[in-house]
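Step one of this worksheet: look at the structure below.
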Amino acid sequence: MKNEPHATPSAHTFQTVKEIEANARARMDKALSDLQHDMAAVRTGRATIGLLDSVRADYYGTPTPLNQVATLHVPEPTLITIQPWDVSQIGPIEKAIRTSDLGLNPSNDGKIIRVPIPPLTEERRKELVKKLHHIAEDHRVAMRNIRRDANENVKKLLKDKTISEDDDRRAHEEIQKLTDGSIQRLDAAVKAKEKEILEFK
């Protein structure tokens, strides 16, 4: 993941276990939504607009997401169409798609860019599953880091005698439950995506 977005500023001090748990929950939810975003850019055989999320077109010298310079549609399961708001942008948009690592081959009729989504070869499917597992592992690590931060914050409350040892134990159990639940959701999302990569013809 780019610049690990789940780091807690070390300056933040928590007064209660509830605050620590709420912060950990919010960060784990953020890790899950980042996962969904990263997975959307992994190709399946099915056309989706999310597939082009990582592509940036050179818009007057600024790399810009396609949905900020064009209207994207999926008129059929194996085709994405892109209609630039400014027709002079057709070249830069087409070039950005062609040079991305998505392996797509766009064409245009002067007004609209058509991006056919070719069927995936077995080999390509396996590569994509490997990439998916790599993304998943990054986010699992992020969740374990969030758990570690939360546990350290709880220990600090115990050390400062703000909470009892019972509170400390309960908090660690809650944080572990939260982590397990979040990792289960992550695994389920990854499994569904993997199925889509391997099955969609």
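From the list Leu35, Leu66, Leu102, the lone residue that is surrounded by 14 or more Cβ atoms within 10 Å (Cβ to Cβ) and within 30 Å of Ala171 (Cβ to Cβ) is Leu35. Take the residues of region 74-104 that are polar (S, T, N, Q) and under 24 Å from the mean Cα position of the chain (by Cα): which is nearest to Ile49 (Cα to Cα)? The qualifying residue nearest to Ile49 (Cα to Cα) is Thr81.
Checking region 177-198 against the condition returns no match, with no residue being at pLDDT below 95, surrounded by 13 or more Cβ atoms within 10 Å (Cβ to Cβ) and more than 20 Å from the chain's Cα centre (by Cα). Among all residues of region 118-132, there is at least one that is under 23 Å from Ile97 (Cα atoms) and polar (S, T, N, Q). Please determine whether any residue of region 56-78 is basic (Lys, Arg) and at pLDDT 95 or above. Looking through region 56-78, none of the residues is basic (Lys, Arg) and at pLDDT 95 or above.
Residues considered: Val74, Val87. Of these, the only one that is of a type in the set (Val, Ile, Thr), closer than 16 Å to Asp109 by Cα, out of contact with any Phe, Trp or Tyr (no Cβ under 9 Å at 6 or more places or on another chain) and surrounded by fewer than 19 Cβ atoms within 10 Å (Cβ to Cβ) is Val87.
The values are calculated or read from the model by the stated rules, or taken from the named source; none is laboratory data. Since we're looking at a predicted model, the values are computed, not measured. Reconstructed Cβ throughout: ideal geometry from the backbone, glycine too, with neighbour counts over all protein chains shown.
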